[in-house]
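Peer 1: Following this message is one structure expressed as structure tokens.
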Amino acid sequence: NNSNIVNAKDLYLPAKIVPYYGYRDMFKSYTSLVTAPKLAATSMNSGCYRGMFQNCESLTEAPKLNSINIGIGCYSYMFSGCTSLEVAPDLPATIIKENCYESMFEGCTSLVTPPSLPAVSLQQSCYSNMFFRCTSLVEAPKLPAKTLTTTCYSQMFWGCTNLKYVNAAFTSDISEDGPTNLWLVGVASEGTFVKNVDATWELSGSSGIPEGWTV
């Protein structure tokens, strides 16, 4: 029974270029899997890792992700439901595509250390739901982009009940149904929001700066 595999650390997936949906759902719901295989890809097409480790609730060690050339939705849901994962893998890409990280760590309730997010040019829904219900997350990764786009941060930290620190550099205007729609629903009642000194936007609440937080 493949779902009983515990250690895939010595397994090597050598493809440098992964085709469309190439590894989609490959280990999905392998509930005993603790360690992941090595991934060699440096160029990725749309959806290639989508749901690859979804619901691997015993996974504690994520694979290294080397690619700086990523496709639409390539990492979406990749670790969703990995409730034992505490440290996220690095995400080195600076040029990203639509939905590329959508729901990537959704429901990772043990996640404490998120990846850095270096991209400054964002795409539609690129980070939407990325950390949805990551209830152990205390500090958000720094968000360096100054200009936002449609739904790029939508529900990004929804239900992160212990989140109390966000550093966001954007200066573009936001609204209730804009790029930050419901991004900070249910976070800690007190926290710190570091805002760009050049930002002129003013929006409080779960789609802006939560009530009770210090700016």
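Peer 1: With a 1.4 Å probe and every protein chain left in place, work out the accessible area per residue of the chain in Å², rounded to a whole number.
Peer 2: About 44 Å² of surface per residue is accessible.
Peer 1: Same structure, new question: At a Cα cut-off below 20 Å, give the aspartates and glutamates reachable from Lys28, other chains included and same-chain residues fewer than 8 away excluded.
Peer 2: Asp10, Glu57, Glu61, Glu86, Glu102, Glu106
Peer 1: Past 21 Å, Cα to Cα, is the threshold; run Lys9/Lys97; Lys64/Lys195; Lys16/Lys146; Lys9/Lys142; Lys16/Lys97 against it and keep the listed order.
Peer 2: Lys9/Lys97; Lys64/Lys195; Lys16/Lys146; Lys9/Lys142
Peer 1: How many Å³ per residue does the convex hull of the Cα positions in the stretch 3-143 occupy?
Peer 2: 77 Å³
Peer 1: Which net charge results for the neighbourhood of Glu202, defined as the other residues with beta-carbon distances under 13 angstrom from its beta-carbon, given Lys and Arg at +1 and Asp and Glu at -1?
Peer 2: Summing Lys/Arg as +1 and Asp/Glu as -1 gives -1.
Peer 1: In a shell of Cβ-Cβ distance under 12 Å around Ala119, excluding Ala119 itself, what net charge do Lys and Arg (+1) and Asp and Glu (-1) give?
Peer 2: +3
Peer 1: Assign one of three labels to the stretch 116-215, namely rounded, prolate or oblate, based on the Cα gyration tensor with a ≥ b ≥ c the square roots of its eigenvalues; rounded applies when a/c is under 1.5, prolate when it is not and a/b is larger than b/c, and oblate otherwise.
Peer 2: Working: a/c = 1.41, a/b = 1.19, b/c = 1.19.
Note, shape of the stretch 116-215 comes out rounded.
Peer 1: In addition: By how many nm would the segment from Ile95 to Lys195 grow when fully extended, if each residue of separation counts as 0.36 nm and the alpha-carbon distance is taken off? Please report the intermediate quantities before stating the final value.
Peer 2: Values: separation 100, 0.36 × 100 = 36.00 nm, distance 2.35 nm.
The Ile95-Lys195 span can extend by a further 33.6 nm.
Peer 1: Another question, if that's okay. Set the Förster distance to 25 Å, then compute FRET efficiency between Ala188 and Ser32 from the Cβ-Cβ distance, nearest 0.05.
Peer 2: It comes to 0.15.
Peer 1: Please list, in chain and number order, the residues 5+ apart from Val194 or on another chain whose amide H is under 5 Å from its amide H, with Hs placed from the backbone.
Peer 2: Answer set, sorted by chain and number: Val166, Asn167, Ala168.
Peer 1: For Val120 and Glu202, what is the calculated FRET efficiency with R₀ set at 30 Å and r taken between the beta-carbons, to the nearest 0.05?
Peer 2: Approximately 0.85, to the nearest 0.05.
Peer 1: Which ³J(HN,Hα) values, rounded to whole Hz and listed in residue order, are derived for the stretch 210-215 from phi using the Karplus coefficients 6.51, -1.76 and 1.60 in 6.51 cos²θ - 1.76 cosθ + 1.60 with θ = phi - 60°, glycine and proline given as x?
Peer 2: Values per residue, Gly and Pro as x: x, 4, x, 8, 8, 9 Hz.
Peer 1: For the stretch 44-129, what % of the accessible area comes from carbon and sulfur atoms, probe 1.4 Å?
Peer 2: The nonpolar share, carbon plus sulfur, comes to 44 percent.
Peer 1: Relative contact order of the chain: what whole-number percent is it, with Cα pairs under 8 angstrom and at least 6 residues apart? List each step's numbers first, then the result.
Peer 2: Numbers: 722 pairs, mean separation 25.7, N = 215.
Relative contact order of the chain: 12 percent.
Peer 1: Now, a different point. For the stretch 186-196, in order, what is each residue's ³J(HN,Hα) by Karplus, 6.51 cos²θ - 1.76 cosθ + 1.60 with θ = phi - 60°, in whole Hz (x at glycine and Pro)?
Peer 2: These are the phi-based 3J(HN,Hα) values: x, 7, 4, 6, 10, x, 10, 10, 8, 10, 4 Hz.
Peer 1: For the pair Ser110 and Tyr12, what calculated FRET efficiency results from E = 1/(1 + (r/R0)^6), where r is the Cβ-Cβ distance and R0 = 30 Å, to the nearest 0.05?
Peer 2: Once rounded, the FRET efficiency stands at 0.65.
The values are calculated or read from the model by the stated rules, or taken from the named source; none is laboratory data. Quick caveat: nothing in here was measured; it's all calculated off a predicted structure. So basically every Cβ, Gly included, is an ideal-geometry build from the backbone, and we count neighbours across all protein chains shown. All accessible areas refer to the heavy atoms of the entire protein, side chains included, with ligands and DNA or RNA removed. Shrake-Rupley method; radii C 1.70, N 1.55, O 1.52, S 1.80 Å.
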